[in-house]
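One structure below.
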Amino acid sequence: LQPLFEQYGYWQKAITLMARFQSLAKQFEDWNAVVRYKMHEARYWSFAEEFKRAEAILDSAQTALQKIEDLDTRKRREAKVLNVLAGVFQKQGKKEEAIQTFRDEILIEEEIGDDRSLAIVCNRLGKLLQSQGKLEEAQQFFEQGILINEAINDLFSLSIGLNCLGGLLQEQGKLGEAQQAFEREIGIAEAINDQSQLAIGLNCLRGLLQQQGKS
């Protein structure tokens, strides 16, 4: 049911379903599941643009979070809660709150060594910082995400990170470096046969070349 409700935007039905799951999870004292269903419920409230309700749900998750006995599991779940909360802040235009929440998540991801999640949040934070005009700091996070994806050989995410970095470098007027990033992205997209990312990279490179008068 959950994917069906998400596909068609039946947020109230999805919220009701998550509440029922929470009730069952509490009966079994499965606190990790309780927090997970609260996260989903908060997302659905945010999709319904009931942001205060979403924040309240995530705040209420803290009690169940502390009941998770395994420390590594608790840390991983806490990082995911912060990720959802940052998204809720971002949807409201609370960019500084979102930035700080992403930073808090990064500290946990680094502590537990979840490289895949760390790379994703680095990219999200980089985009947010870029939108705030904090370009040098944004570049640091894009580059951190790229290094992680290289290390874990996640070529799809690597191509996305390179596209983000290329756009940032172009915005900074570093056109030669931007071109290198786009060309590398294109090469990776071709290697993994990702036609969507390939089209994005080619379009960005074309725009960059036109900007330099190399049409």
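Structure notes:
- A Förster radius of 25 Å, combined with the Cβ-Cβ distance separating E110 from E171, puts the computed FRET efficiency at roughly 0.35.
- Added length on full extension, which subtracts the Cα-Cα distance from 0.36 nm per residue, Q92 to A191: 31.8 nm
- Percent RCO, i.e. relative contact order, over the chain, from Cα pairs under 8 Å lying at least 6 residues apart: 10
- Tensor-based shape of the range 26-84 (alpha-carbon gyration tensor, a/c under 1.5 rounded, otherwise prolate or oblate): prolate
- GNM flexibility winner over the chain from A33, A138, A79 (Cα, springs under 10 Å): A33
- For the chain, calculated [θ]222 nm from helices alone, where every DSSP H run of n ≥ 4 adds -39500 (n - 2.57): -28000 deg cm²/dmol
- The range 99-215 shape via C-alpha gyration tensor axes, a/c threshold 1.5: oblate
- Taking the chain as a Gaussian network of alpha-carbon nodes connected by springs under 10 Å, the highest mean-square fluctuation of the residues D59, D114, D70 belongs to D70.
- The range 1-58: C-alpha gyration tensor shape, a/c 1.5 cut-off, then a/b vs b/c: oblate
- Mean Cβ neighbour count within 10 Å, used as a protection proxy, ranking 36-48, 14-26 highest first: 36-48, 14-26
- Modelled this way, with points 7 Å down the Cα-to-C-beta line, the labels at Q180 and Y10 are 5.3 nm from one another.
- Look at the alpha carbon pairs under 8 Å that are at least 6 residues apart: their mean separation over the length of the range 126-215 gives a relative contact order of 21 percent.
- Each residue of the range 94-106 is assigned a 3J(HN,Hα), and the resulting list reads 8, 5, 5, 5, 5, 4, 5, 5, 4, 4, 4, 5, 4 Hz, derived from the Karplus form 6.51 cos²θ - 1.76 cosθ + 1.60 (θ = phi - 60°), x at Gly and Pro.
- The simple spin-label model puts a point 7 Å past each Cα toward its Cβ; for Q211 and A56 those points are separated by 4.5 nm.
- For the range 165-183, backbone nitrogen atoms closer than 17 Å to the point 7 Å from L202 Cα along Cα-to-C-beta are found at 182-183.
- Relative contact order (percent, whole number), the range 8-53, Cα cutoff 8 Å, 6+ residue spacing: 42
- Altogether, the Stokes-Einstein calculation at 37 °C and 0.692 mPa s, with the Kirkwood radius of the range 122-161 over Cα pairs as Rh, returns a diffusion coefficient of 332 µm²/s.
- Using θ = phi - 60° and Karplus 6.51 cos²θ - 1.76 cosθ + 1.60, couplings along the range 132-143 (whole Hz; Gly, Pro as x): 8, x, 8, 6, 5, 5, 4, 4, 4, 6, 4, 5
- Structure-derived volume of the Cα convex hull per residue in Å³: which label, when the choices are (i) 170; (ii) 158; (iii) 139: (iii)
- Taking Cβ atoms as reference points and 10 Å as the exclusive limit, the residues near D115 contribute a net charge of -3, counting Lys and Arg as +1 and Asp and Glu as -1.
- Sorting 191-199, 139-147 by their mean Cβ neighbour count within 10 Å, with the most densely packed peptide first, gives 139-147, 191-199.
- Solvent-accessible area, 1.4 Å probe, carbon plus sulfur percent, for the chain: 49
- Here the scattering of the range 6-123 is modelled by Debye summation over its C-alpha atoms, one equal scatterer each and no solvent; at q = 0.11, 0.14, 0.16 Å⁻¹ the log10 of I(q)/I(0) is -0.36, -0.58, -0.76.
- Sequence-distant aspartates and glutamates (8 or more away, or on other chains) whose Cα lies within less than 17 Å of K67: E29, D30, D59, E78
The values are calculated or read from the model by the stated rules, or taken from the named source; none is laboratory data. It should be emphasised that the depicted structure is a prediction, and the values quoted were computed from it without experimental measurement. FYI the Cβ positions are ideal-geometry reconstructions off the backbone, even for glycines, and counts take in every protein chain you see. Accessible surface areas use protein heavy atoms only, side chains included; no ligands, DNA or RNA. Shrake-Rupley method; radii C 1.70, N 1.55, O 1.52, S 1.80 Å.
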